[in-house]
Amino acid sequence: DELDGLDEMFLPVDIGPWSDAIGSVENGLVDDEIGQMLDGIRAKGADVWVVFDACHSGTATRAAPSGDEEVRTRQISPEAMGIPASAMDAVQSRALPDPRKRADAPVASNGAGGSLVAFFAAQTDEVTPEKRLPKGKPDRVAQGVFTYTLFEALAEFPNASYAQIGQEVLRKYSVKNLARSTPMFEGDLDKMVFSGAAGPSVAQW
């Protein structure tokens, strides 16, 4: 049901190779499965804010660092996962490209219950970079540009809404020329990010 005919897959640290028996990468999480997990949490009445700082196109290898900024993309090619070309061709042939249609969010959730806000580092057909940040600091480390920028915005505007944080991230991307990708923000964006005194509980994958 994706524009390109392909599901996105998130790769935890315990993944295995492609398996013909299951028709997937062992222990990989398909976007539809993550949507079901989010629905399960929301069904209990919890509000969920999920942030994905990853590429969603799956069309190029995870690049080695190069140049002064040591930029690399946060994705892995199907070939590196051992996914045969025949498997990719079979699903991509179902795609019906329509340049007028906007790509859907990589993870959809249709469940009732608590609210869902989703931040994505890139459109479904874009890659997102990883750089050594903060720029110019001797102790900088490689990290996702989107995550770094998001935390900057949260530190500067702790009482903002999700929409305001999203706008600040986009502003920083533009002013600082951080990346060519365009972050996506979906869900109940008018809510305040930290509406409770204790703030949200955080699970990091």
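General observations
- Meets criteria (over 14 Å from the mean Cα position of the chain (by Cα), surrounded by 14 or more Cβ atoms within 10 Å (Cβ to Cβ) and not aliphatic (A, V, I, L, M)) for residue 172: yes
- Residues of segment 120-147 satisfying the condition of being surrounded by fewer than 18 Cβ atoms within 10 Å (Cβ to Cβ), in contact with a strand residue (DSSP E or B) (Cβ under 6 Å, 6 or more places away or on another chain) and outside any strand (DSSP E or B): 140
- Restricting segment 2-33 to residues that are surrounded by 15 or more Cβ atoms within 10 Å (Cβ to Cβ) and either at pLDDT 85 or above or of a type in the set (Lys, Arg) (or both), the residue that is farthest from residue 52 (Cα to Cα) is 18.
- Restricting attention to segment 175-194, the residues that are in contact with a Ser or Thr (Cβ under 6 Å, 6 or more places away or on another chain) and open to solvent by less than 40 Å² (accessible area, probe 1.4 Å) total 1.
The values are calculated or read from the model by the stated rules, or taken from the named source; none is laboratory data. From a predicted model like this one, the values you see are computed outputs, not experimental measurements. All Cβ positions, glycine included, derive from the backbone under ideal geometry; neighbour counts span all protein chains shown. Side chains are part of the model used for accessible areas, which takes the heavy atoms of the whole protein and leaves out ligands, DNA and RNA. Shrake-Rupley method; radii C 1.70, N 1.55, O 1.52, S 1.80 Å.
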